[in-house]
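Submitted below is the structure of interest, expressed as structure tokens.
The values are calculated or read from the model by the stated rules, or taken from the named source; none is laboratory data. Predicted model only: the values in this text are computed from it and were never measured. Here Cβ is always computed from backbone atoms with ideal geometry, including for glycine, and neighbour counts include all displayed protein chains.
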Amino acid sequence: MTTNTKVAGTSGSLDTSDVGVSSQRLTLALLMLLAGAVLIFTVGFAQGSGGVFHNATHDTRHAITFPCH
Amino acid sequence: MISKAVTTVLLSGFVAGILVTGAQMLKVTPLILQAEKFEVGTEVLPHTHQQSEITHEHELNVVALNVHVSMKDAHAVEAVSVDHSDESWLPEDGAERTFYTGISNIVTGIAFSLMLVAVYLLRGKPVNMNSGLLWGAAGFLIFSGSPALGLPPELPGMTAAALDARQTWWIGTVIATAIGIGLLSETKTILPKIAAVLLMAAPHLIGAPHPLLFESNVPAEISAQFAIASLFTSAFFWMVLGASTGYFYQKLVPKTTESLTTASA
């Protein structure tokens with residue numbers, strides 16, 4: 001296990017794919033944050049035409065302490 | 001890795017969304033339905049006051065409320081779209097309403113799971129069910145706890161400041177608390193930690209927007225019950241989210257947690 005940890009912790013000098021993985025991880029994480037924010041906006045804030053989003057998500061907004069009315 | 005991280009998000013969001021829908025039906029939803037009986041009057045303020053027994057105190061409130069209403073005129077369009085009595089689509093009470101609440105709970109679960117898994121990926125350290133629970137607790141503080149300190153969970157029918165102002169304060173508080181918790185957990189020296197505490201306190205020092213005068217048709221007893229019930233429901237939601245994202249992340253996303261995989265293998 002200790003040897004494995006060392007390999008995993010080695011910087012990109014030995015294993016170039018390590019850098020690839022970490023930049024892929026970073027991109028994925030940022031995309032996820034963005035997607036999460038868009039979804040939170042839709043569920044928590046968007047009204048939609050005629051309040052469609054508001055009405056469908058109404059009880060969720062009240063239950064998870066979003067400002068609603 | 002991408003598909004496994006996405007699977008982690010979807011599974012956790014689904015599990016948490018379903019469970020919280022059940023939890024919500026115990027106390028939160030009945031209280032919302034109870035409060036909505038009072039809400040009908042609140043949305044047409046002048047009529048409420050004509051119908052109710054007008055006392056001197058009430059007359060004073062009407063004056064203050066009119067000031068409040070005129071301040072909200074700028075948001076008149078929104079007020080109309082929010083009005084439940086217009087002809088816009090509304091899910092019917094009962095199964096249909098529960099169905100849409102379930103769907104939006106699952107979407108919310110997925111949204112929050114995206115945030116949690118993004119944090120796991122950014123940190124690149126092993127996560128399991130127990131550490132996931134801690135991140136869930138952080139999520140609760142960020143998205144429910146800290147905002148609720150300024151804007152307690154509202155029931156339909158309660159008077160509040162303009163929606164725009166409250167949403168802006170809410171978003172600001174969430175961002176400040178998130179950065180604060182990030183600084184607290186990821187830095188080792190004292191200065192960033194002090195900055196973190198100041199950042200987390202800032203929204204509360206500035207203060208949440210509130211109406212000039214609180215007036216609610218909803219009995220205070222119901223409002224108080226609701227505030228506690230919805231905070232507990234959110235806490236439960238975040239516990240499930242934290243534990244399940246941690247669990248599935250450990251099982252499914254091995255590349256970032258190499259040492260852990262060998263330990264569990």
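For the stretch B:192-210, does any single residue satisfy the condition of being touching a residue at least 24 places away in the same chain (Cβ under 8 Å) and farther than 28 Å from A:LEU39 by Cβ?
Yes, the stretch B:192-210 contains a residue that is touching a residue at least 24 places away in the same chain (Cβ under 8 Å) and farther than 28 Å from A:LEU39 by Cβ.
Would you mind finding the one in B:VAL28, B:VAL15, B:VAL9, B:VAL40 that is in contact with an Asp or Glu (Cβ under 9 Å, 6 or more places away or on another chain), closer than 26 Å to B:ARG97 by Cα and either of a type in the set (A, V, I, L, M, F, W, C) or at pLDDT below 90 (or both)?
Working: B:VAL15 fails: in contact with an Asp or Glu (Cβ under 9 Å, 6 or more places away or on another chain); B:VAL9 fails: in contact with an Asp or Glu (Cβ under 9 Å, 6 or more places away or on another chain); B:VAL40 fails: in contact with an Asp or Glu (Cβ under 9 Å, 6 or more places away or on another chain).
Just one listed residue meets the conditions, B:VAL28.
Can you tell me how many residues within the stretch B:233-252 are more than 18 Å from B:ILE142 (Cα to Cα), polar (S, T, N, Q) and buried (at least 24 other Cβ atoms within 10 Å of the Cβ)?
1
Let me ask you something else. Can you tell me which condition A:ARG25 does not meet? The list is (1) surrounded by 14 or more Cβ atoms within 10 Å (Cβ to Cβ); (2) modelled with pLDDT of 90 or more, and all the others hold.
Of the numbered conditions (1) surrounded by 14 or more Cβ atoms within 10 Å (Cβ to Cβ); (2) modelled with pLDDT of 90 or more, the odd one out for A:ARG25 is (2).
Could you tell me which numbered condition B:ASP93 fails, if it satisfies all but one of (1) acidic (Asp, Glu); (2) at pLDDT below 50; (3) over 30 Å from B:GLY139 (Cβ atoms)?
(2)
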